[in-house]
1. How many residues does the stretch B:204-230 contain that are outside any helix (DSSP H, G or I) and either without any contact (Cβ under 8 Å) to a residue 12 or more places away in the chain or within 18 Å of residue B:165 (Cα to Cα) (or both)?
2. If a residue must be at pLDDT 95 or above and either surrounded by fewer than 16 Cβ atoms within 10 Å (Cβ to Cβ) or more than 19 Å from residue A:120 (Cβ to Cβ) (or both), how many such residues does the stretch B:145-169 contain?
3. In the stretch B:91-141, how many are under 30 Å from residue B:68 (Cβ atoms), in contact with a Gly (Cβ under 7 Å, 6 or more places away or on another chain) and surrounded by 20 or more Cβ atoms within 10 Å (Cβ to Cβ)?
4. Hey, does the stretch B:153-164 have a residue that's assigned to a strand (DSSP E or B) and under 30 Å from residue B:204 (Cα atoms)?
5. Restricting attention to the stretch B:55-88, which residues are at the interface with another protein chain (Cβ under 9 Å from one of its Cβ atoms) and outside any helix (DSSP H, G or I)?
6. Considering only residues of the stretch B:170-229 that are among the aromatic types (Phe, Trp, Tyr) and within 12 Å of residue B:38 (Cβ to Cβ), which is surrounded by the fewest Cβ atoms within 10 Å (Cβ to Cβ)?
7. Considering only residues that are among the charged types (D, E, K, R) and either facing another protein chain (nearest Cβ under 8 Å) or outside any loop (DSSP other than H, G, I, E, B) (or both), which ones fall in the stretch B:40-54?
8. Sort out which residues of the stretch B:31-49 are surrounded by fewer than 21 Cβ atoms within 10 Å (Cβ to Cβ) and either within 25 Å of residue B:193 (Cα to Cα) or modelled with pLDDT of 95 or more (or both), and write them in order of number.
Amino acid sequence: MDFWHFMVANRQQVLDLTAEHIVLVGLSTLFAVMVGLPLGIVITRKPNLSKAVIGSANVIQTIPSLALFGFLLPAPWIGERAGRLAVLALALYALLPLIRNTYAGIRNVDPAIVEAGRAMGMTDRQLLWQVELPLASGVIVAGIRIATVVSVGLATIAAAIGAGGLGEFIFRGLAMVNNQVILAGAIPAALLALFADLALSALERRLGALSRRS
Amino acid sequence: MDAIAQVQPAIEIRRASFRRNGRALVQSLSLSVSPGETLVLLGRSGSGKTTTLRLINRLLEPTAGEVRVNGTLTTEWDPIQLRRKIGYVIQDGGLFPHFTVERNIALVPEIEKWPRERRRARVLELLDLVGLPPDLRSRYPAQLSGGQRQRVGVARALAADPPILLLDEAFGALDPITRSEMQKEFRALQQRMKKAAIFVTHDLREALLLGDRIALMEEGRLIVDLPTSEFVGSQVPLVRAYREAFSEAEPRC
């Protein structure tokens with residue numbers, strides 16, 4: 001019951017930090033989509049680039065998150081603003097699932113369908129927008145879902161560099177050796193991840209049904 | 001169309017070859033098809049039939065020799081414009097699973113920016129032409145039978161009334177009864193439409209039924225190119241082998 005008392009007593013702060021958390025995750029995922037989606041498309045057109053691009057995104061993924069936040073701290077311009085830095089770091093982590101799923105999604109479209117479109121006189125652009133992206137959209141949304149869920153968890157670490165979010169409660173609770181405070185950060189974060197997963201899974205299923213409509 | 005264009009073949013292939021990775025998929029092939037004529041390309045899998053079709057709509061470019069459509073080299077055509085003048089039908093229709101029947105059929109009219117009313121009217125006209133009820137137009141391909149999908153595939157190829165029609169094993173995925181129906185309907189359709197058509201198949205009976213001429217291919221080469229009536233009596237060994245293969249199968253059926 002102590003936990004609920006803490007939540008109720010500090011509801012304004014809980015809401016503020018949750019909002020910050022959502023902004024961190026939302027912005028970073030948005031940037032990752034803006035970069036990862038085009039990159040994923042480009043490497044389906046230039047397959048000899050695919051290894052290098054996916055490999056680089058893989059390498060970023062292997063850097064421990066706390067270390068990545070730390071590495072970016074001394075960078076000029078971003079270093080001055082913890083929020084920007086956190087968004088950049090989270091976006092970097094989100095790149096791999098986005099690039100990989102966009103690439104795999106487009107590559108898995110039935111080649112006979114793409115060839116039929118090409119033979120009917122569709123341009124590359126029309127094929128991409130009207131055939132490849134719609135048919136790959138389920139797999140691409142799955143990438144966005146994975147990136148978002150991972151980001152919700154990772155964003156708690158952003159508090160370590162002062163970027164705010166629900167991690168503030170977690171780090172504060174750890175310092176105070178107070179489980180209630182830790183839970184006040186951890187439980188809303190877990191709920192956010194769960195909600196994002198459910199919402200994007202539903203979208204994914206609807207889009208995935210496009211390619212096997214019946 | 002002026003008098004010169006009338007006599008000009010719609011498709012003319014002269015000593016065309018296509019090599020990839022040192023392997024010749026088509027070797028020094030010469031063929032021509034006039035408007036109103038149906039040429040059947042007969043041959044087993046890997047004999048270069050599909051490659052030949054892809055040379056015509058410039059999905060591939062010949063590594064030697066030339067391919068002309070309406071008198072112009074395919075390499076001089078804008079590939080997009082060229083392909084919109086060539087109807088293409090593949091096995092199982094090759095329909096877009098996320099488009100309704102109507103959008104599938106109206107694909108070329110849509111990318112050619114026909115007004116909506118004209119597209120709609122054309123779709124109804126084509127559904128009627130290929131023997132499908134008009135209420136099928138709001139369905140998705142997965143909701144159709146194999147025969148219906150194939151009919152939609154033919155309707156899509158005919159949508160913008162292209163002068164040339166390429167059919168690649170078009171009826172290959174159908175059960176024998178539907179297949180025979182489609183063959184008869186295609187023949188009747190072609191007699192009215194007078195397209196320059198190339199029909200690829202490995203089925204001799206289909207070739208005899210549909211072709212004005214039959215061109216037999218083997219390992220990328222043209223073995224014979226004969227009017228259908230002469231093909232039946234040809235003593236060329238490979239032609240005989242084909243006939244025997246099909247007549248052996250006959251008594252079991």
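The values are calculated or read from the model by the stated rules, or taken from the named source; none is laboratory data. Please read these numbers as outputs of a predicted model, since none were measured by experiment. Heads up, the Cβs are rebuilt from the backbone with ideal geometry, glycines too, and the neighbour counts pull from every protein chain shown.
1. Matching residues across the stretch B:204-230 total 5.
2. 0
3. Of the residues in that region, 3 qualify.
4. Within the stretch B:153-164 (the criterion being assigned to a strand (DSSP E or B) and under 30 Å from residue B:204 (Cα atoms)), the answer is yes, since at least one residue qualifies.
5. Of everything in the stretch B:55-88, those that are at the interface with another protein chain (Cβ under 9 Å from one of its Cβ atoms) and outside any helix (DSSP H, G or I) turn out to be B:57, B:59, B:85, B:86, B:87, B:88.
6. Initially, the stretch B:170-229 is screened for residues among the aromatic types (Phe, Trp, Tyr), giving B:171, B:186, B:199.
Within this subset, residues satisfying the condition of being within 12 Å of residue B:38 (Cβ to Cβ) are B:186, B:199.
On the way: B:186: 24, B:199: 28.
So the residue we want is B:186.
7. B:49, B:54
8. Selection gives B:32, B:34, B:35, B:36, B:37.
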